[in-house]
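What follows is a short report on a single structure.
The values are calculated or read from the model by the stated rules, or taken from the named source; none is laboratory data. Because the structure is a prediction, the values reported are computed rather than measured. In this analysis, Cβ positions are derived from the backbone assuming ideal geometry, glycine residues included, and neighbour counts consider all displayed protein chains.
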Amino acid sequence: MDLGAGVRKALAKITGATLVDEKAIQALVKELQRVLISNDVNVQLVFELTKRIQDRAFKEKKAQSLNLREHIVKIVYDELVAILGESYEPPIKKQRIMMIGLFGSGKTTSIAKLAKFYQSKGLKVCAIACDIHRPAAIEQLQQITEQVHCGFYGEKGKSAEEIAAESRILEKKYDVLILDTAGRSAFDPDLASELKNLSSIFEPQETYLVVSADLGQVAGKQADQFRKAVGITGVIITKMDGSGKGGGALSAVHASRAKIAFITLGEKPDALESFDAKKFVSRLVGFPDLPTLLEKVQEISDEEAMQRVMEEGKLDYGTFLSQLRSMKKMGPMKQILQMLGMYDVPEELVGKSEQKLKQFEAAVLSMTPSERTKPDLMKNRSRQERVAQGAGLSLSDVRELVSNFERMNKMMKGLKGNRGLSKKFQRMLPQGFKF
Ligand SMILES: Nc1nc2c(ncn2[C@@H]2O[C@H](COP(=O)(O)OP(=O)(O)O)[C@@H](O)[C@H]2O)c(=O)[nH]1
Ligand SMILES: [Mg+2]
């Protein structure tokens, strides 16, 4: 399972849970551990992350605008962002860039991507071929530069040092020079000294280490080696599209204290983006930003809760709340129900204002777990009084909630027994709802 699907599945342990309690958090944390470890995220990192989630889930004061579910989703989001890194703003200016990395990591193809990126910012780019060990490498770079229409400089028969030195004159004509270098099958002192030498000739402002996402945790070790031996200003993690270990590579590089500059997500020249952990995690969990995420989280849990109610024909206060929210989203529920011949749906339920929903929510959140799952308990007056006090509501508000609940519950039971009506109703519900 890829990281995104795994994280979404883990989050469902909270969004789909009737009760957000210690047990639900435990389930979330377990699933998250499983998916992160299978994405090759370092075990110790995973344990630290999940411990922080557990600690924060109940101890940290939640923002007023968030309910407990959202609070926890936000914590997971925050903690994932924290282990994956920060955001990188590539300098958009005249500069020399040197690409380093092992064989097949994606140096040459990343040059085309960077060229396209800087050209789109209005800068003129020239690629310089200093990978002279493999005869085909110069040609490969030349072909790629033709595709993206940027400049190219390189000459067979010359040494890498010569080419690097000569290339400096191209600064008169181009804004961004990107130097391709030779790799090795593994890091060794010989490679380090060759790169240091080239670096002292070319004097790059940016030295990007290119590593492949399929290295997983090993990417961190590589970043560390190159950082210490040659010096790097950032890391480009390639092949994020094809690897189940992208999370491992990102977190390990971040933990090695190197900066993640870009990621690449495909072979085409436009499959490059500057790294932004927040954006990355948002996309991972399937939503473009946190507010939408939280909204979406609510919807999913409401739908799932509603579906359970439909299947079981039985409400409790947890599902009741989800149901109210779902109904609101389905639009003019009253009309739908009236078309079905159901005129006796409590008016105040159907047209519930946001305010009323908030009150109901506060009341339900003030109930004990057993009150939520055994709604009969809430017919007891002293319980109603306690809940009213806990939620900052009047007794009559709570009594209204209880009576609406009882009517709704009856209606659900009626629907369950009436197959014709159920079918009709089913057709009008959004996809995924079942009776
Ligand atoms: N799917 C995918 N393939 C990539 C990506 N980046 C590079 N590659 C492929 O990885 C292989 C090695 O890339 P290359 O740039 O030649 O590596 P170099 O030896 O470091 O110069 C090539 O087949 C590329 O097409 C990526 O982001 N996604
Ligand atoms: Mg190459």
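For A115, are the conditions met, namely being in the same structural domain as I236 (by TED's automatic domain parsing), in contact with a helix residue (DSSP H, G or I) (Cβ under 9 Å, 6 or more places away or on another chain), within 16 Å of ligand 2 (Cβ to nearest atom) and assigned to a helix (DSSP H, G or I)? So A115 passes the test.
With respect to being under 32 Å from the mean Cα position of the chain (by Cα) and at pLDDT below 95, K113 falls outside the description. Can you say whether S110 is over 28 Å from V364 (Cβ atoms), within 16 Å of ligand 2 (Cβ to nearest atom) and touching a strand residue (DSSP E or B) at 6+ places or on another chain (Cβ under 6 Å), as far as the supplied structure shows? It is true that S110 is over 28 Å from V364 (Cβ atoms), within 16 Å of ligand 2 (Cβ to nearest atom) and touching a strand residue (DSSP E or B) at 6+ places or on another chain (Cβ under 6 Å).
For segment 236-252, indicate whether the set of residues that are of a type in the set (V, I, T) and either touching an Asp or Glu at 6+ places or on another chain (Cβ under 8 Å) or not assigned by TED's automatic domain parsing to the domain that holds C126 (or both) is non-empty. Checked against the condition, which is being of a type in the set (V, I, T) and either touching an Asp or Glu at 6+ places or on another chain (Cβ under 8 Å) or not assigned by TED's automatic domain parsing to the domain that holds C126 (or both), segment 236-252 yields no hits at all.
A quick yes/no check of all residues on (1) among the small types (G, A, S); (2) buried (at least 16 other Cβ atoms within 10 Å of the Cβ); (3) in the same structural domain as D175 (by TED's automatic domain parsing):
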position: E60; (1), (2), (3): no, no, no
position: V73; (1), (2), (3): no, yes, no
position: G101; (1), (2), (3): yes, yes, yes
position: S105; (1), (2), (3): yes, yes, yes
position: S110; (1), (2), (3): yes, yes, yes
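Within segment 132-157, take every residue that is at pLDDT 95 or above and more than 16 Å from ligand 1 (Cβ to nearest atom) and give me the one that is surrounded by the most Cβ atoms within 10 Å (Cβ to Cβ). For segment 132-157, the residue satisfying everything is Y153. Cβ-Cβ distances below 8 Å connect the following pairs, each with a first residue in segment 87-99 that is small (G, A, S), a second residue that is surrounded by 14 or more Cβ atoms within 10 Å (Cβ to Cβ), and a separation of six or more residues or different chains: S87/S274; S87/F275; S87/D276; S87/A277; S87/K278; S87/K279. Taken over segment 189-239, the criterion of being part of a helix (DSSP H, G or I), hydrophobic (A, V, I, L, M, F, W, C) and closer than 30 Å to L3 by Cα is satisfied by A213, L215, V218, A219, A223, F226.
Screening segment 18-48 for residues that are closer than 30 Å to M367 by Cβ and buried (at least 20 other Cβ atoms within 10 Å of the Cβ) and picking the one that is modelled with the lowest pLDDT gives V20.
Of all residues in segment 103-120, those that are near ligand 1 (Cβ under 7 Å from one of its atoms) and over 12 Å from K239 (Cβ atoms) total 3.
As a summary of the residue check, A213 satisfies the conditions (1) under 33 Å from the mean Cα position of the chain (by Cα); (2) free of Cβ contacts under 8 Å to residues at least 60 places away in the same chain; (3) within 16 Å of ligand 2 (Cβ to nearest atom) except for the one numbered (3).
Quick check, is K156 over 19 Å from A112 (Cα atoms) and outside any helix (DSSP H, G or I)? Answer is yes for this residue. Per the listing Q26, Q33, Q44, the residue uniquely farther than 30 Å from K239 by Cα and within 27 Å of the chain's Cα centre (by Cα) is Q26.
Just one of the listed residues (E79, E89) is more than 12 Å from ligand 1 (Cβ to nearest atom) and surrounded by fewer than 16 Cβ atoms within 10 Å (Cβ to Cβ), namely E89.
Annotation: D180 fulfils all but one of (1) modelled with pLDDT of 95 or more; (2) assigned to a helix (DSSP H, G or I); (3) among the charged types (D, E, K, R); the unmet one is (2). Here is a check on your reading of the model: is T18 of a type outside the set (A, V, I, L, M, F, W, C) and not in a helix (DSSP H, G or I)? Against the criterion (of a type outside the set (A, V, I, L, M, F, W, C) and not in a helix (DSSP H, G or I)), T18 qualifies. The requirement of being within 16 Å of ligand 2 (Cβ to nearest atom) and not in a strand (DSSP E or B) is fulfilled nowhere in segment 240-263; no residue meets it. Apart from one condition, A63 fits all of (1) in contact (Cβ under 8 Å) with a residue 12 or more places away in the chain; (2) more than 13 Å from ligand 2 (Cβ to nearest atom); (3) farther than 28 Å from G247 by Cα; the exception is (1). For segment 321-338, check the following and say yes or no: at least one residue is part of a helix (DSSP H, G or I) and at pLDDT 75 or above. Within segment 321-338, one or more residues are part of a helix (DSSP H, G or I) and at pLDDT 75 or above. Scanning segment 188-224 for residues that are hydrophobic (A, V, I, L, M, F, W, C) and within 16 Å of ligand 1 (Cβ to nearest atom) yields L191, L195, L198, L209, V210, V211, A213, L215, V218, A219, A223.
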